[in-house]
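Here the structure comes first, spelled out in structure tokens, and everything after it is commentary.
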Amino acid sequence: MDPLAAIKVTFFQECEEQLAELEGGLLAMEGGDHDPEIVNAVFRAVHSIKGGAGAFSLEELVRFSHVFETALDLIRSGDIPADQETLKLLLRSADVLADHVRAARDGGSVDEGRSSAMAEALEALASGMGGGGEADTGDGFSDFVFNPVAIDLSDTAAAPDTSIEDLLARVTGEVEAADADEGAEGDVTWHIRFYPQVGLYQKANESGLLLRELARLGRIDVRLDVSGLPNLQNMNPEDAYLGWSVELTGPAIEEAAVRDVFEWVDGDCYLDIVRADTAPAPTLAQTLAQTPATSIDAVGEVDVMALIRAAQAAEVPGAAMVPPSSGSAPAGAPARTEPAKAKEAALDAKAQAAAREASPQTIRVDLERVDRLIDLVGELVINQAMLTQRVAECGLQRASSVAMGLDDLEQLTREIQDSVMAIRAQPVKSVFQRFPRLVREIAAMTGKEVRLIMEGEGTEVDKTVIERLSDPLTHMIRNAIDHGLETPEEREAAGKPREGVVKLAALHRSGRIVIEISDDGRGINRPRVKQIAVDKGLISPETNLSDDEIDNLIFMAGFSTAATVSDISGRGVGMDVVRRSIQSLGGRINISSRPGQGSTFTLSLPLTLAVLDGMVVTVAGQTLVAPLTAIIESLQPKAADVRNLGPNAQVIAIRDTHVPLIDIGRSLGYRTVTPPPTEGVALLVEGEGGSRAALMVDAIQGQRQVVIKSLEANYRPVPGIAAATILGDGRVALILDIDAVMVPKPHEGLGAAPASTGGGYDLSAAPTSLAKVG
Amino acid sequence: MEDIIQRKSGDSIELISFRIGEQEFCVDIMAVREIRGWTPATSLPQAPSFVKGVINLRGAVLPIVDLAARMGMAVTEPNERHVIIVTRICDQQVGLLVDAVCDIITVDTGTIQQTPDLACDVVKTFVKGLLAMEGRMISLISLDNVLPTLEAEQAGAETASILAA
């Protein structure tokens with residue numbers, strides 16, 4: 001990757017962070033937080049995006065962020081009140097800005113109509129703030145910069161100066177318009193000489209804005225220095241030739257405040273800030289004006305720095321006439337130290353900003369490196385377990401120093417493993433933060449009023465889990481608004497507030513992360529759901545289902561309750577896909593619904609996909625691992641409890657309920673003859689849909705945390721097997737896919753559907769077994 | 001020495017030759033990652049007969065293909081004298097179970113003879129060409145088809161989806 005591309009990648013990564021900060025800040029403001037620091041942070045975010053975009057010549061992005069920035073600037077100064085309407089507009093603008101960033105990154109295109117409409121709305125907001133001179137200045141400058149005036153260059157010989165003069169007149173006129181009244185005696189006056197270099201403009205900064213910023217500090221008298229401007233024929237349109245000298249007058253203006261204005265352009269301009277009472281009148285501009293103009297004409301291209309250096313050289317002899325002011329900084333203000341000071345001031349300001357945010361320090365690390373580390377630590381854990389086993393085989397006593405040392409080692413490796421896993425853990429915020437926008441968009445599309453409440457955004461979970469949560473959650477939130485919530489009118493009729501509430505909450509519960517998506521809408525229309533299922537042939541009309549079972553019908557493949565396929569939900573992807581993607585993460589999904597009061601979807605997911613608590617068992621001479629989360633209990637079957645059902649199926653009675661008894665050995669094809677159940681151990685397991693089964697194994701070896709290894713990486717998916725792991729003896733053991741082994745294989749042709757017990761409803765079996773009934 | 005370098009940069013390839021029963025085979029050395037002794041493999045359910053199972057290769061799960069069985073010969077009953085050639089095929093690592101590794105040979109690509117038309121399609125699938133060397137015949141193996149083919153994988157995936165459904 002060439003360096004520029006690498007920087008661009010970093011820029012877009014930072015853009016994402018800035019966008020998140022922008023949205024977070026705007027949401028905080030919408031929530032009634034009027035801390036000026038938040039407004040500043042929001043402004044900074046947009047400004048940084050604009051700056052970076054300028055450096056990479058991302059025109060569209062610069063244009064939009066500029067308009068956005070102008071509006072935010074007026075809010076920052078208090079010229080526009082940050083009311084709810086404004087904030088809604090700003091939030092939508094943030095969405096469009098995010099679109100622009102993504103389009104710039106991925107090469108897509110932005111909805112042009114939406115973008116320009118938003119830009120117009122922002123401009124209207126900026127100009128409609130009450131006719132202050134500053135707004136005019138701002139708009140004038142944005143016009144000036146981004147709507148270039150066409151100059152007929154073929155006619156340069158005739159009247160080159162007039163067109164430039166016209167242009168300059170606009171600039172100076174507008175800047176001077178900001179200069180309201182004359183300075184009062186006794187105020188502090190600063191002489192600021194500001195000569196932008198071409199780099200300043202390349203980074204999408206704008207002199208006009210900086211001058212306007214100065215105007216905010218006090219009264220300003222701006223003089224444009226056009227002496228650097230070459231003949232039009234010699235002019236490089238992308239170069240910087242103009243300079244300004246500003247006299248800033250106002251009560252108690254600190255130097256730092258003046259320097260802050262130029263913080264962003266530090267290093268890209270020549271800047272000289274001198275206090276009027278310490279420095280005498282002869283300004284650099286004047287000196288510059290006197291420097292042989294002929295040389296400019298002759299050279300054609302103007303190097304402002306060179307000119308300035310020349311000017312300084314001219315100034316040195318005259319330094320003696322500067323009266324040395326007592327105690328204050330050297331009045332001569334050598335340009336060499338000034339930029340350095342400016343840099344210091346900028347650094348100070350940055351340090352202060354960092355301290356204010358008090359954010360923990362972070363580094364960016366390639367994910368592959370972290371994964372490599374996790375792999376290595378996984379091997380360390382395996383190796384340590386092997387070592388422990390070897391030592392145990394040697395018959396060393398448990399209290400021996402070697403064994404005790406190994407115990408310490410075990411503890412250490414576990415801690416290392418936990419810490420390494422924590423590197424990958426990320427707060428769910430990174431996926432949650434997309435949803436406010438989603439909700440706004442869907443609310444606008446459906447004409448519903450929705451408030452999104454998010455809780456537990458700081459809950460941490462493995463990055464891979466987070467990445468794969470985005471799609472199912474998006475879909476469920478879409479559903480909640482589109483199907484769950486009623487229209488405002490319906491809500492009022494039902495005696496509810498017009499605004500519907502969608503709540504998204506994340507929390508840790510017993511080693512898993514639980515995510516709840518709830519709405520206070522109409523709840524699931526059970527008669528209709530059942531009717532649809534019957535109409536689509538998913539169930540037979542006679543099927544008698546409990547409320548829970550009806551609710552769970554929406555997870556069946558080919559089920560969609562929307563009467564019409566809307567743009568929002570019903571894109572051919574149903575809740576069955578959501579359920580499958582959650583299951584593929586080792587998670588489960590549940591629904592509870594109360595008519596008229598809303599529905600709650602509960603997702604329960606493992607914190608990481610890398611390790612798993614497992615029960616190590618022996619089946620037909622093979623060592624297998626059963627995920628502990630699925631196991632309810634283990635028991636020794638008594639002959640009296642096991643009954644035959646049909647030609648070759650068996651059930652076992654466990655406290656008044658009968659569950660299917662499945663021999664793992666036969667189910668996986670390790671053996672063809674099932675040994676008597678009384679000789680083995682039965683594991684009572686619960687599948688994703690809540691269905692239960694007893695899995696027969698020969699013996700239980702113990703409980704262990706195992707590192708999950710992919711079978712697909714070098715081989716392919718194996719039916720009935722979820723993944724592999726490596727045990728203490730260094731051998732590979734297979735991890736059971738409980739749901740897959742619970743479902744009878746088609747060729748076995750079990751006559752009976754799996755018994756639905758314990759109030760659960762076997763969804764995984766539903767499509768096959770129920771279809772047969774229908 | 002010069003001669004070897006010359007040939008390397010020219011149209012010659014280096015091969016690792018190995019033995020299965022009485023027959024000698026070889027594979028491109030660039031596909032071989034390492035050679036190791038036999039360790040007991042964990043058998044996989046519903047696997048084809050030529051897939052011996054999986055072993056632990058320093059933390060990775062490595063499937064072992066019995067090359068003899070894969071080419072329609074008798075299934076190998078492996079012991080510690082057997083050898084696993086760890087190869088890289090596409091993006092996957094696969095271990096090949098063979099009787100013994102013989103030699104590293106450098107041959108001119110021009111001397112590789114075409115596989116004669118044989119009745120046995122299985123052989124034709126795996127043998128890319130023949131080499132005559134010091135009175136021996138060495139078959140050049142194409143590794144692309146060693147793991148179950150795409151159709152077989154699709155069938156496997158279907159079974160999996162039926163099971164999952």
task: Looking only at the stretch A:631-648, decide whether some residue is in contact with a Lys or Arg (Cβ under 7 Å, 6 or more places away or on another chain) and surrounded by 17 or more Cβ atoms within 10 Å (Cβ to Cβ).
output: no
message: Looking at B:VAL86, B:VAL98, can you tell me which residue is within 20 Å of B:ILE35 (Cβ to Cβ), within 14 Å of another protein chain (Cβ to nearest Cβ) and out of contact with any Pro (no Cβ under 8 Å at 6 or more places or on another chain)?
response: B:VAL86
- request: Determine, yes or no, whether A:ALA724 is within 11 Å of chain B (Cβ to nearest Cβ), part of a strand (DSSP E or B), surrounded by 24 or more Cβ atoms within 10 Å (Cβ to Cβ) and not aromatic (Phe, Trp, Tyr).
  value: yes
Failed condition for B:GLY129, given (1) closer than 22 Å to A:PRO717 by Cβ; (2) modelled with pLDDT of 85 or more; (3) touching a strand residue (DSSP E or B) at 6+ places or on another chain (Cβ under 7 Å): (1)
- prompt: Does A:ARG92 fit the bill of being open to solvent by 10 Å² or more (accessible area, probe 1.4 Å) and touching a residue at least 60 places away in the same chain (Cβ under 8 Å)?
  reply: yes
task: Under 8 Å between Cβ atoms, at least 6 apart or on separate chains: pull out the pairs that start in the stretch A:652-668 with a residue that is within 14 Å of another protein chain (Cβ to nearest Cβ) and end on any residue that is open to solvent by 30 Å² or more (accessible area, probe 1.4 Å) and of a type in the set (A, V, I, L, M, F, W, C).
output: A:GLY665/A:ALA620; A:ARG666/A:VAL673
- request: Taking the options B:ILE20, B:ILE35, name whichever one is open to solvent by 40 Å² or more (accessible area, probe 1.4 Å) and farther than 18 Å from B:ASP144 by Cα.
  value: B:ILE35
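Here is a yes/no grid of residues against (1) part of a helix (DSSP H, G or I); (2) modelled with pLDDT of 80 or more; (3) within 32 Å of the chain's Cα centre (by Cα); (4) surrounded by fewer than 16 Cβ atoms within 10 Å (Cβ to Cβ):
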{"position": "A:LEU380", "(1), (2), (3), (4)": "yes, yes, no, no"}
{"position": "A:ARG398", "(1), (2), (3), (4)": "no, no, no, yes"}
{"position": "A:ASP408", "(1), (2), (3), (4)": "yes, yes, no, yes"}
{"position": "A:ARG414", "(1), (2), (3), (4)": "yes, yes, yes, yes"}
{"position": "A:ARG437", "(1), (2), (3), (4)": "yes, yes, yes, no"}
{"position": "A:ILE442", "(1), (2), (3), (4)": "yes, yes, yes, no"}
statement: Matching residues in the stretch A:670-690 (within 14 Å of chain B (Cβ to nearest Cβ) and under 46 Å from the mean Cα position of the chain (by Cα)) number 3
message: Quick check on the stretch A:422-435: of everything there that is open to solvent by less than 30 Å² (accessible area, probe 1.4 Å) and outside any strand (DSSP E or B), which residue is farthest from A:GLU455 (Cα to Cα)?
response: A:ARG424
field: Every residue from the stretch B:43-80 that is open to solvent by 30 Å² or more (accessible area, probe 1.4 Å) and more than 14 Å from every other protein chain (Cβ to nearest Cβ)
entry: B:ARG70, B:GLY72, B:MET73, B:ALA74, B:VAL75, B:GLU77, B:PRO78, B:ASN79, B:GLU80
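Go through the residues of the stretch A:458-472 one by one and say whether even a single one is assigned to a helix (DSSP H, G or I), of a type in the set (A, V, I, L, M, F, W, C) and under 30 Å from A:LYS88 (Cβ atoms).
Yes: one or more hits.
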field: Matching residues in the stretch A:34-70 - criterion: being of a type outside the set (A, V, I, L, M, F, W, C), assigned to a helix (DSSP H, G or I) and more than 16 Å from A:THR10 (Cα to Cα)
entry: A:PRO36, A:GLU37, A:ASN40, A:ARG44, A:HIS47, A:GLU59, A:GLU60, A:ARG63, A:SER65, A:HIS66, A:GLU69, A:THR70
message: Quick test of your reading of the structure: A:LEU609 fulfils all but one of (1) part of a loop (DSSP other than H, G, I, E, B); (2) touching a Pro at 6+ places or on another chain (Cβ under 9 Å). Name the failing condition by number.
response: (2)
- line: Considering the stretch B:84-96, residues that are more than 21 Å from B:ASP121 (Cα to Cα), at pLDDT 90 or above and of a type in the set (A, V, I, L, M), and then whichever is surrounded by the most Cβ atoms within 10 Å (Cβ to Cβ), we arrive at B:ILE84
message: From the list B:ARG136, B:ARG70, B:ARG81, exactly one residue is farther than 25 Å from B:ALA41 by Cα and at pLDDT 85 or above. Which is it?
response: B:ARG136
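Being closer than 21 Å to A:THR608 by Cα and part of a loop (DSSP other than H, G, I, E, B) is the filter here, so list the residues in the stretch A:704-721 that pass it.
Hits for the stretch A:704-721 are A:ILE708, A:SER710, A:LEU711, A:GLU712, A:ALA713, A:PRO717.
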- line: Those residues of the stretch A:73-120 that are within 29 Å of A:ALA5 (Cβ to Cβ), out of contact with any helix residue (DSSP H, G or I) (no Cβ under 8 Å at 6 or more places or on another chain) and assigned to a helix (DSSP H, G or I) come to a total of 3
- request: Can you tell me which residue within the stretch A:186-208, out of those that are assigned to a loop (DSSP other than H, G, I, E, B) and over 12 Å from A:PHE262 (Cα atoms), is farthest from the chain's Cα centre (by Cα)?
  value: A:GLY186
- prompt: Under the condition of being in contact with an Asp or Glu (Cβ under 7 Å, 6 or more places away or on another chain) and of a type outside the set (Gly, Ala, Ser), which residue from the stretch A:505-539 is farthest from A:VAL431 (Cα to Cα)?
  reply: A:ARG526
message: Just to be sure I understand, how many residues within the stretch A:698-721 are at positive phi and facing another protein chain (nearest Cβ under 7 Å)?
response: 1
- prompt: Just one of the numbered conditions (1) more than 18 Å from B:SER17 (Cα to Cα); (2) β-branched (Val, Ile, Thr); (3) surrounded by fewer than 16 Cβ atoms within 10 Å (Cβ to Cβ) is not true of B:THR106; which one?
  reply: (1)
query: Being at pLDDT below 80 and within 24 Å of A:LYS50 (Cβ to Cβ), is that true of even one residue in the stretch A:178-186?
result: yes
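The values are calculated or read from the model by the stated rules, or taken from the named source; none is laboratory data. Every value quoted in this text rests on a predicted model; they were computed, and no experiment measured them. Cβ: placed from backbone, ideal geometry, glycine included. Neighbour counts: every protein chain shown. To get the accessible areas, we keep the full protein, side chains included, count just its heavy atoms, and leave off ligands, DNA and RNA. Shrake-Rupley method; radii C 1.70, N 1.55, O 1.52, S 1.80 Å.
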